[in-house]
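Engineer: Right, I'll just put the structure down here and ask away after.
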Amino acid sequence: MRLVLVATLGAACLGAGDPVRPLPAGGHHVLFVGNSLTYTNDLPRTLRDLATAGGDTIRTAAVALPNLALVDHAAGQSDAVATIGRGTWEWVVMQQGPSSRGVNRDTLVIGAQALARSIRAAGARPALYMVWPARANLADFDGVRDAYRAAACAVDGAFLPAGEAWRAAWRADASLALYGPDDFHPGPLGTWLAALVMYERITGRDARALPAVVAVAGQRLSVPAETARLLQRAAHEANVAADAQGCGS
């Protein structure tokens with residue numbers, strides 16, 4: 001299974017300044033603001049295609065540039081603020097690195113708060129996409145979760161526990177290749193699992209009801225149905241657990 005890298009620069013899926021087309025009834029507009037953990041394997045497209053497979057409509061765009069933190073986006077190192085104000089977004093999904101410690105955790109919260117002002121002004125809901133630590137730092141998983149939950153609570157936003165879904169999947173099958181070759185960025189299965197978490201949160205539908213077909217960055221992967229079902233269960237488990245915990249430290 002090869003790693004797919006798609007560089008999403010500027011407002012992906014929309015030309016600069018283009019209006020967002022009206023949605024069909026029940027559809028959703030989602031903007032991603034992040035870095036390479038979003039554009040590796042084209043998470044926005046993967047989410048969009050996942051929704052289509054489930055009979056839903058999610059239209060996506062992204063402002064995702066290498067190595068940027070949320071404070072960088074808020075400070076004008078990308079066109080994120082302008083893109084937020086241009087679109088009729090329902091959700092704006094924010095992401096940076098693991099941010100489990102010290103100043104990185106603090107800037108995650110500060111950056112989310114800065115962007116949330118623009119997000120709320122645009123009539124959208126902020127959401128925090130919890131990522132994961134590098135394989136060399138697996139002990140940091142709890143810290144990553146707590147940092148992203150704290151940021152979500154600070155902006156009264158949604159918590160998208162993709163990293164917790166990775167852990168749930170590994171509890172069922174420790175051999176799953178969720179990391180890519182660098183042991184930090186996601187492999188295709190890791191991206192698909194993150195998209196499942198988001199699909200449930202955004203649509204309110206159960207990911208376990210989706211077809212057991214894995215498609216990432218527009219390419220269908222040769223993955224056994226039982227593996228797809230395992231990942232769907234892991235996404236659902238992580239969302240249920242996050243709902244039960246509510247806001248945390």
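The values are calculated or read from the model by the stated rules, or taken from the named source; none is laboratory data. Everything numeric here is computed off the predicted structure, so don't read it as measured data. All Cβ positions, glycine included, derive from the backbone under ideal geometry; neighbour counts span all protein chains shown. Protein only, heavy atoms only, side chains kept; ligands, DNA and RNA dropped before computing areas. Shrake-Rupley method; radii C 1.70, N 1.55, O 1.52, S 1.80 Å.
Engineer: Find the residue count for region 117-147, including only residues that are without any contact (Cβ under 8 Å) to a residue 24 or more places away in the chain and over 18 Å from ALA168 (Cβ atoms).
Structural biologist: Adding up the residues that qualify gives 2.
Engineer: Does ALA212 meet the test of being assigned to a loop (DSSP other than H, G, I, E, B) and free of Cβ contacts under 8 Å to residues at least 60 places away in the same chain?
Structural biologist: Working: assigned to a loop (DSSP other than H, G, I, E, B): yes; free of Cβ contacts under 8 Å to residues at least 60 places away in the same chain: yes.
Yes.
Engineer: Starting from region 55-74, keep only residues that are over 16 Å from VAL131 (Cα atoms) and open to solvent by less than 20 Å² (accessible area, probe 1.4 Å), then list their pairs with residues that are among the aliphatic types (A, V, I, L, M) and part of a loop (DSSP other than H, G, I, E, B) whose Cβ atoms are within a distance under 7 Å, requiring at least 6 positions of separation or different chains.
Structural biologist: ALA61/ALA11; ALA61/LEU14; VAL63/ALA11
Engineer: Sticking with this structure for a sec: In region 77-89, which residues are surrounded by fewer than 19 Cβ atoms within 10 Å (Cβ to Cβ) and not β-branched (Val, Ile, Thr)? Steps first, answer last, please.
Structural biologist: First, pick out the residues of region 77-89 that are surrounded by fewer than 19 Cβ atoms within 10 Å (Cβ to Cβ): 77, 79, 82, 85, 88.
If the condition is that a residue be surrounded by fewer than 19 Cβ atoms within 10 Å (Cβ to Cβ) and not β-branched (Val, Ile, Thr), then GLN77, ASP79, ALA82, GLY85 are the ones that fit.
Engineer: Considering only residues that are open to solvent by 10 Å² or more (accessible area, probe 1.4 Å), farther than 14 Å from LEU68 by Cβ and not basic (Lys, Arg), which ones fall in region 92-109?
Structural biologist: PRO98, SER100, GLY102, VAL103, ASP106, VAL109
Engineer: Give the residues of region 146-166 that are of a type in the set (D, E, K, R) and open to solvent by 40 Å² or more (accessible area, probe 1.4 Å), sorted by residue number. Even if it seems obvious, please write down each step before you answer.
Structural biologist: At the first step, the residues of region 146-166 found to be of a type in the set (D, E, K, R) are 146, 149, 156, 164.
Across region 146-166, the qualifying residue is only ASP156.
Engineer: I'm checking my understanding of the structure. Among residues of region 167-203 that are farther than 24 Å from THR107 by Cα and aromatic (Phe, Trp, Tyr), which one is surrounded by the fewest Cβ atoms within 10 Å (Cβ to Cβ)?
Structural biologist: TRP170
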